[in-house]
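Input: a single structure, listed below in C-alpha cells.
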Amino acid sequence: MTSTAIKARLKHLDHSSHLLYASSPSTSAFLQSQYNKVADENDAAVPDERKRKICASCGSILIPGITARTSTVKKYPKRLISEMAFIECRKCNARTEYTVEPAVPKKTKAPRKEPLAPKARANISSGLQSTAKQLAENGKKRSRPRKSNSLQALLARSKAEAAGSTNTSFTLDLKDLLKGS
C-alpha cells in the first residue's frame, strides 16, 4: 500500500472508532487495535498525543475519570525540570507514562527606581477623585423607562383621544358600568 492509502485507512479507523464509542465501546476498541496493528506493520508514524488518548494494550479510548485514571509525579521537585504523568486504563489496567514540561513562570515587572514627579501624583489623585465622583453619580438609582403598552399608558391615551376628538359618539367607561348596578 502507498503511504497516502495507509494514512487514509488509519484516519478512517480512528474516526470510525470515535464515532462508534458511545454506542459500542468494544467495537471502538477493536478498531483502535486494528489502527495500532496497521501502523506497526507499515512503520507509520503515530502521533505522541495518541498515546495519551488510546490504550496501547486494549485499544479503548481513554477518558480521564471515566475509562482512565490519571496522576502526575514531579521529577526532581526542587528544580522543577519535568513532571511524569501516568494514565491507567480501567479496562485492562495497562499503564502509560509520559513527560510533561512544567509551565514557565511569569516574569514580574521590575519596580520603578525613581519616584513619581509631584505633577504626576496630582494628576493621579485628581483622576481618582473624578472617578469616585462619577461612581457616586452612577450609583444612584436610575429610573427605568416606562413601557408604552402598560395599562396606565393605554388609559391615558384613550382619555387624550376622547378629550381631543370633536366627535361626540357614545362610549362606555368602567364607571358607567359600575353606576348601573
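Nothing in this text is a laboratory measurement; each read-out follows from the coordinates by a stated rule. Everything numeric here is computed off the predicted structure, so don't read it as measured data. Every residue, glycine as well, gets a Cβ built from its backbone with ideal geometry; the counts of neighbours run over all protein chains shown.
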Partner aspartates and glutamates for K7 [C-alpha distance under 15 Å; skip if fewer than 8 residues away on the same chain]: D40, E41, D43
Distance between modelled label sites at T27 and I63, nm, 7 Å Cα→Cβ extension: 1.7 nm
Extension gain (nm, one decimal) between N93 and E41, 0.36 nm per residue minus Cα-Cα: 16.2 nm
Convex hull of Cα atoms in the range 1-46, direction-averaged projection (nm²): 2.8 nm²
Three-way shape call for the range 16-92 based on the alpha-carbon gyration tensor, with the a/c threshold at 1.5: oblate
